2 protein chains.
Amino acid sequence: MHNTGYVHGYSEREAVRLHDQAQTLTALLHHDTRYPPGSQVLEVGCGVGAQTITLVSQSPDARFTCIDCSDASLAEASARVSDAGYRNATFRNADIYDLPFPPESFDHIFVCFVLEHLLDPTRALSNLKDVLKPEGTITVIEGDHGSAYFHPDSAAARNAIRCLVEIQRSVGGNALIGRELYPLLVSAGFRNVAVSPRMVYADASKPGLVEGFTKLTFTAMVEGVGDEAIRRGMTGRAEWEQGIRDLYRTTEPDGTFCYTFFKATGIK
Amino acid sequence: MHNTGYVHGYSEREAVRLHDQAQTLTALLHHDTRYPPGSQVLEVGCGVGAQTITLVSQSPDARFTCIDCSDASLAEASARVSDAGYRNATFRNADIYDLPFPPESFDHIFVCFVLEHLLDPTRALSNLKDVLKPEGTITVIEGDHGSAYFHPDSAAARNAIRCLVEIQRSVGGNALIGRELYPLLVSAGFRNVAVSPRMVYADASKPGLVEGFTKLTFTAMVEGVGDEAIRRGMTGRAEWEQGIRDLYRTTEPDGTFCYTFFKATGIK
């Protein structure tokens, strides 16, 4: 899941609240990922380094190799990590289906928000297993847009989310992949597979989560495919706008919003 | 949610596994509910005592008053608690809309799987608040059938669940009430309302949960409304049976199943 919604115009106090919120989500997803000193860790699909910063700071004595297929993203991730003062990560352009590493190169592998975009996640996992040492671990984190439900319920809002899922499917992705991590890791040959759901629940008692997750992460992401969904004839302009309004409606004082991320680990 | 599926024919080993499973769910929902010695606790809608046993055993020095509108259920609950050797509960037939207690009679109130059946849950909560002492707590637990999702996904299975939700709605209930606990408690005048989702996630690494929850609790419950759903013309026989098959399909080795209960607390 990519946050497309951190736009300008927020006050400093607001910025602090959103930062706290991002910290909450980071803790929810990553607090239990720590690698031993000296271990070699492969981060797959690091993007602009959103997770890399957390990885290198939580395991300052592990060595990270971070790959992505975009040079621009790699440059940004590298700068971000350097600027934060960390020296324990190197960045490299690589294809997940054609990894430029010898077999059994890494002690651990970390994959976050990547499999949802892949045509063949099982083959990708199998390739990753090849470059993992025996007894090494893999950690996979993915969202699941079918896990979103809310109050007040709304058919238009559910339909807007469905458009996002269908668009992602039409380009070969799977926005419902979170619930599938167990069979995916098992079918790729990992053992001791354990899946831990990480549920985000937002109500008015958690204003940072309402703002930072429901509005600026999830609803902003759905909003981002509106023109495409209408262009494809999946919905009409009025219906779409109703759906987006109804998603924002869940951020009012009597609203609630639920979403679940899935974190899976397995051993080679 | 009522388990209608504990049928005969299981081996002793199976029975042990299911008992362990029930224990897991009990722990998930109730482990953090403990009342101080000497406190007076009202359990609302105790039914046949499924939760009462847990309450009295976890707080053996609190005094429980357990009400229900069915004399048959009260007799069964009372026998169950006595047979288990507990003496700290009394049972009484009472109407949640016309409580036979003076104002401020109780230190704490516990309500589990009750609001989903009520036409006016806000009025019920408001009545309960009247018999609660100032600074007393209320604890409310409810499921949410709209929180169920699974792999493999299936439109027929989702439709079968929708039938159950619609049937419950047509008799004045709300099978999606879990997500609404926050606004319900706030609107009834409770303060410091805090909602804690309790997610059940079942895959093949947790066979007791697959058997005890996915098959024998959730799917059995959906199956139970099949004839009614078909009689009402909400679905056809073939479509219904496909939906039920698809729910059982999620219990195969590559399947997964998710459901979330909501536990809310508030203070008067």
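None of the figures in this text is laboratory data; all of them are computed from the coordinates on show. Because the structure is a prediction, the values reported are computed rather than measured. So basically every Cβ, Gly included, is an ideal-geometry build from the backbone, and we count neighbours across all protein chains shown.
Quick look at the numbers
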| item | result |
| --- | --- |
| Diffusion constant of the stretch B:89-245 at 25 °C, which comes from Stokes-Einstein with the Kirkwood Cα-pair radius and 0.890 mPa s, µm²/s | 138 |
| Values of log10 I(q)/I(0), in the order q = 0.13, 0.15 Å⁻¹, for chain A under a Debye, Cα-only, solvent-free model | -0.90, -1.16 |
| The stretch B:97-103 - phi-based ³J(HN,Hα) in whole Hz, Karplus 6.51/-1.76/1.60, Gly and Pro as x | 8, 8, 6, x, 10, x, x |
| Lys/Arg +1, Asp/Glu -1 at C-beta; the protein assembly as shown dipole; positive extreme among A:L247, B:S154, B:A27 | B:A27 |
| Zone residues, the stretch A:132-152, relative to A:E252, backbone N less than 11 Å from point 7 Å out along Cα-to-Cβ | A:152 |
| Residue exposure sequence - A:S70, A:S170 - by fewest surrounding Cβ within 10 Å | A:S170, A:S70 |
| Computed Kirkwood radius, in angstrom, where 1/r is averaged over Cα pairs of the protein assembly as shown | 25.3 |
| Ranked A:C69, B:C46, A:C112, B:C163, criterion: other C-beta atoms within 10 Å, fewest first | A:C69, B:C163, A:C112, B:C46 |
| Candidates B:Y149, B:Y97, B:Y35, ranked by Gaussian network fluctuation over chain B, Cα under 10 Å, top entry | B:Y97 |
| Overall Cα dimensions of the stretch A:208-268, principal axis frame, Å, largest first | 48, 34, 14 |
| Spatial separation of Cα centroids for the stretch A:35-97 and the stretch A:128-145, in angstrom | 16 |
| Choice from B:D107, B:D95, B:D83 with maximal GNM fluctuation in chain B (Cα, 10 Å cutoff) | B:D83 |
| Computed FRET value (nearest 0.05) for A:I167 with B:R237, which takes r as the C-beta separation and R₀ as 35 Å | 0.50 |
| Gaussian network model of chain A, springs between alpha carbon atoms under 10 Å - residue of A:G47, A:G136, A:G233 with greatest fluctuation | A:G233 |
| Translational diffusion coefficient (Stokes-Einstein; Kirkwood radius from C-alpha pairs) of the stretch B:149-203 at 4 °C, 1.567 mPa s, in µm²/s | 94 |
| Cβ charges +1 (Lys, Arg) and -1 (Asp, Glu), total dipole of the stretch A:83-138, debye | 100 |
| Value of Rg to Rh for the stretch A:161-258 (Rh from inverse mean 1/r over Cα pairs, i.e. Kirkwood) | 1.06 |
| Order of B:R63, B:R123 under a 10 Å beta carbon neighbour criterion, fewest first | B:R123, B:R63 |
| Net lengthening on full extension, B:D32/B:T122 (0.36 nm per residue, minus Cα-Cα) | 29.9 nm |
| Axis proximity, chain B to A: residue whose C-beta lies nearest, plus whole-Å distance | B:M199, 3 |
| For A:256-262, mean number of other protein chain Cβ atoms within 10 Å | 4 |
| Rounded to the nearest 20 debye, dipole of the protein assembly as shown from Cβ charges on Lys, Arg, Asp, Glu | 280 |
| Dipole magnitude of chain A about its Cα centre (Cβ charges: Lys, Arg +1; Asp, Glu -1), debye to nearest 20 | 340 |
| Point-to-point label distance, B:R245-B:E135, nm (Cα→Cβ direction, 7 Å offset) | 6.1 |
| Test item: B:176-184 mean partner chain Cβ contacts at 10 Å | 6 |
| Nearest-first distances (nm) between copies at B:T90, label 7 Å from Cα via Cβ | 7.7 |
| Pair B:A72, B:T90: separation of 7 Å Cα→Cβ label points (nm) | 2.7 |
| Solitary cysteines of the protein assembly as shown, where the nearest other Cys Cβ is not under 4.7 Å | A:C69, A:C112, A:C163, A:C258, B:C69, B:C112, B:C163, B:C258 |
| Net charge over other residues, Cβ less than 10 angstrom from the Cβ of A:T251 (K, R count +1; D, E count -1) | -1 |
| Members of A:K206/B:K215; A:K215/B:K206; A:K215/B:K263; B:K129/B:K215 lying beyond 30 Å, as alpha-carbon distances in this model show | A:K206/B:K215; A:K215/B:K206; B:K129/B:K215 |
| Chain A: calculated mean residue ellipticity at 222 nm from DSSP helix runs of at least 4, using -39500 (n - 2.57) | -11000 deg cm²/dmol |
| Pair A:E228, A:S82: separation of 7 Å Cα→Cβ label points (nm) | 3.2 |
